[in-house]
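Read-outs: derived from the displayed coordinates by stated rules, not from any lab. None of these values were measured; they are calculated from a predicted model. Virtual Cβ from ideal backbone geometry, glycine too; neighbours counted across all protein chains shown.
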Amino acid sequence: MSAARHIPNVITCLNLISGTVAVIYAFQDNFDKALCFVILAAVFDFLDGLAARALHSYSDIGKELDSLSDIVSFGAAPSLILFNYLDGFTAVINGYVCYIPLIMAAFAAVRLARFNLDTRQNDNFLGLPVPAAALTASSLAATAVHYQEIANPLLANNYAVPAVVILLSILMVSEMPVFSMKFKSFKWKPNAQRYIFLCITIPVSAALLVLKIHWTGIVLAVFALYIIWNAAEALLRKLSDE
């Protein structure tokens, strides 16, 4: 058991390594592989919590290590992916605009620090989780490369990508209720939102595959839907309370 208790931390370190590799591919302008390693980091981020619960191996160092790894994988990596994406358009945009995506790393750090201290976020979240923000940003750059005829007129300017970055950053530190995709049981009642979301995203993803949409676009569509779903639900709840 003494060796098994280190398994969650090993998985967390694999998250960190995956995020670091994503940064390397970002600077090589290989956004598909960068996105793959952000996704892999998210998988490890899910598995380390699963392993900790299964092995009853919770520790303060594990909690801190998880946050430090997430800052790299879901803060620095997506920021640098968008930085390098915009850097390819410095002939038509202001060079300083390339640096705006870096604020995502700062907001991700704030979000993670608040999450560690907030006892209200045990089952669901308040604010957009950093992996969701990271996957949205990373898949945006990767998808844009495959659909340049559509993406370049929309994104190769001084405003579009910064607007997305600012929106994602604000959502991360907001009080917007966001449902978690972590299942603690398979019962319908506590997981109704999750099941409904899966029942929509799985056939939508399959339809996009049939339409031969590039896989990066499917990732972008799923996480864009996740954000819109939660934002719409929060807005409707607020309107009903007034």
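For the reader, a short list of remarks on this structure follows.
- Normalised contact order of region 91-242, rounded percent, pairs of Cα under 8 Å and 6 or more residues apart: 33
- Using the Cβ-Cβ distance between residue 189 and residue 117 with R0 = 25 Å, the FRET efficiency computed as 1/(1 + (r/R0)^6) comes to roughly 0.25.
- Ranked 60, 45, 66, 32, criterion: other C-beta atoms within 10 Å, fewest first: 60, 32, 66, 45
- D (Stokes-Einstein, µm²/s), Kirkwood Cα radius, the chain, 1.002 mPa s at 20 °C: 115
- Computed Kirkwood radius, in angstrom, where 1/r is averaged over Cα pairs of region 1-142: 15.5
- The local environment of residue 21, defined by Cβ-Cβ distances under 14 Å, has a net charge of 0 under the rule Lys, Arg +1 and Asp, Glu -1.
- Cβ-based exposure ranking for 226, 195, in which fewest neighbours within 10 Å come first: 195, 226
- Here the residues 172, 181, ranked from fewest to most Cβ neighbours within 10 Å of their Cβ, fall in the order 181, 172.
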